[in-house]
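Participant: Have a look at this one.
Taken together, the values in this text are just the output of simple stated rules run on the coordinates, not laboratory data. For clarity, every value in this text was computed on a predicted model and none was experimentally measured. As a convention, Cβ positions derive from the backbone with ideal geometry for all residues, glycine included, and neighbour counts pool all protein chains shown.
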Amino acid sequence: MCDPDMTDAPSRTTSSWKRAKHRIAHSIKLRMVLVFLLLAAGMTFVFFTGAQKAFSMGWREAARPLLMDYVDRIAAEITNGGQPSVERALAVTERLPLTVRIAGPQVNWASHPGQAESDWMRDKPDDGGPRNGEKWGNGKDWNGILQRETADGHTLQFGINEEVFVRRPRLIGYALTSLLVLTLLAWLYVRRLLKPLDAIGEGARRFGAGDFSQPIPERCLHGPDELGELALTINTMGRDIHQMLEAKRALLLAISHELRSPLTRARLNTELLPESAEVNPQRDALMRDLKEMAGLITDLLESERLSAKHAALQREPVALVALAKEVVADVLARQPSRPDARVEISLHIDPGLPTLALDPARIRLLLRNLLDNALRHSAGTPLPPELHLRAEGKGIQIEVRDHGPGVPDDQIPHLAEPFFRPDTARTRAQGGVGLGLYLCKLVAQAHGGTFAVRNARPGLAVTVTLPGD
C-alpha cells in the first residue's frame, strides 16, 4: 500500500517545474535576470580560468631557480654541514610555515606526522599516475626541488604546513549571500526598468475596450527611451482611433436625425393616398418599408446612446416576471396570424426571483428583441421559443432559446456585432438588419451584466445575466 503523498510528490514537482517554465517563457523580466546571471557566471568563469592560465604558464619556470636556492639554504641550515639536526629543523618549522621530514639511517623524524603527504611526496600518487607526471610540472622533476640528499644518506623533504592556512568556510556563505544580493538588485532594477510595460499593457487593454479617457503615462527613468516611444506611439494610435470613432458616431447621429423628418413626411403622404384596390397593396408595402426604416433609425440612435461610456439609465425597482409577461403578450399580439399554427412562447420562471433596479424601457427592448429574433427563426419548428428566468446569485439570468437551424460555430462570436447576419437561414429575407442582438448586448453591459450566445442544438440560446445589488 503506497502513501498518496509520496505518489503525488513527483506530479507536484513536475507541475511546479511546468509552472516555473511557463512563467519564464512568458516573462521578459525573468528572462533578462536569467541572462544577467548566466552572463555574470560566464564572465567570472572566463576571467578566472584565463587569469589562472596566464599566471600559471610562466611562474613555475621563473620561480624554479629561486625556490631551489631557498630550499638549499633551509637544508644547509638544518644539516649545518653534517648530520641533520631535529632541533634546527624544529626551529625552522616554528619560524616558517613549512613541514620537514627527515629519513635516514640515524634520524627519522617528521615535524607534522599527522598531516597527509602531498601527491608529489608519495611514491605513487592517488590517481595511479607516475610520481612526476603532467600534474606536477609538465614532466619536470618538481618534487626534486623540495627534496635534498645529505652526504651521510639522509633525505630531507619539505612541504607546506596546511595548519597555518586557516580554512574559512564562512567566506563561501558570504560569497553566496553577495551573489543573491546582486541577483536581487538586478531583479529590482530590471523590474523598475520594465515597469512601463505594465502601464502600456493596461492602456492597450483600455483602448481595446473602448476607453480612451486615460492615456498611457509616458514615463521612463532617464528621459525618453524605447518604452517611452512605444507608449507615445500607442497613445497617438489611441487618439486617432478615438477621433475616427467619434467622427463615425457623430456622422451616424446626424444622418439618423436628418432622416427622421423626411421619413415622417413620406409616411404622412403615404397615409394620405386615396384608398383603392390598386393603391392599397402598394401603400401597405410602402408603409412597411417606411416603418422598418424608422425602426432602423431608432435602433441606431439607441445603440449610440447605449455604447457611450456613461449610458444614461433610468433605474427603478422592476419586477422582471411581470415585465416579461407583458412583453411576451405584446410580442405575440404583434405577430401575424398563421392559419396553420398558433404562435406561442413557452415561459419557464423560477419562483422567488428578486426585484432589481433596472431601466424598464431598456429591459423591455432587450426582451422584445430576443423574443422577436427567436420567433423569426422558429417558423416551421415543432417546439415554440422558450423564455427562462432563473435566479443567479443576487441577480437574474434571462435565457431565450429557439429551435431553429442555429448558426455555424465560427460565426457565434460575431452575432452580437452591429449589422452582422450569418450566411444561413437567418438571412435578410426573414427580417432584421443585424442590430437586435447588438442592442441586447449593449443593454446588458449598461446594466453591468453579461451577454452570451451559444448553439443549443437545435436552435440558438441567448443568455443575459443581470446582477443584483
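Participant: So if we plug the beta-carbon distance of ALA294 and LYS21 into 1/(1 + (r/R0)^6) with R0 = 60 Å, what FRET efficiency do we get, rounded to 0.05?
Facilitator: 0.50
Participant: With a 10 Å radius around each residue's Cβ, average the other Cβ atoms per peptide and rank 318-325, 270-277, highest first.
Facilitator: 318-325, 270-277
Participant: Can I ask one more? Once label points are set 7 Å from the Cα along Cα→Cβ at both THR233 and ASP69, what is their separation, rounded to one decimal in nm?
Facilitator: Each label point is offset 7 Å from its Cα along the Cβ direction, giving 7.0 nm.
Participant: Hey, what does the equivalent ellipsoid look like for the stretch 208-306, semi-axes from the Cα gyration tensor as sqrt of 5 times each eigenvalue, largest first, whole Å?
Facilitator: 52, 9, 9
Participant: Given a Förster distance of 22 Å, report the FRET efficiency between GLU417 and GLU202 from their Cβ-Cβ distance, rounded to the nearest 0.05. Don't skip to the answer; put the middle values down first.
Facilitator: Details: r = 25 Å, r/R0 = 1.15.
According to the calculation, E is roughly 0.30.
Participant: Testing the spin-label approximation: label points 7 Å from Cα along Cα→Cβ at GLU246 and ASP211. State their distance in nm.
Facilitator: Going from the GLU246 label point to the ASP211 one covers 1.9 nm.
Participant: Taking 0.36 nm per residue of sequence separation and subtracting the Cα-Cα distance, how much length would be gained by fully extending the chain between ALA175 and HIS257, in nm to one decimal?
Facilitator: Contour length minus Cα-Cα distance gives 21.9 nm.
Participant: How large is the charge dipole for the stretch 311-466, taken about the Cα centre, if only the Cβ atoms of Lys, Arg (+1) and Asp, Glu (-1) carry charge, to the nearest 20 debye? Don't skip to the end; give the middle numbers.
Facilitator: Details: 18 positive and 16 negative charges, 36 e Å.
Charge dipole of the stretch 311-466: 180 debye, to the nearest 20.
Participant: What distance in nm separates the two pseudo spin-label positions at VAL86 and THR183, each 7 Å out from Cα along the beta-carbon direction?
Facilitator: About 5.5 nm, to one decimal.
Participant: With the alpha-carbon atoms as the only input, what is the per residue convex hull volume for the stretch 311-466 in Å³?
Facilitator: Value for the stretch 311-466: 113 Å³ per residue.
Participant: Arranged from highest to lowest average of other beta-carbon atoms within 10 Å per residue, in what order do the peptides 256-266, 187-197, 361-371 appear?
Facilitator: Taking the mean over residues of other Cβ atoms within 10 Å, the ranking is 361-371, 187-197, 256-266.
Participant: Ranked highest first by the average count of other Cβ atoms within 10 Å around their residues, in what order do 437-443, 404-410 fall?
Facilitator: Answer by packing, highest mean first, reads 437-443, 404-410.
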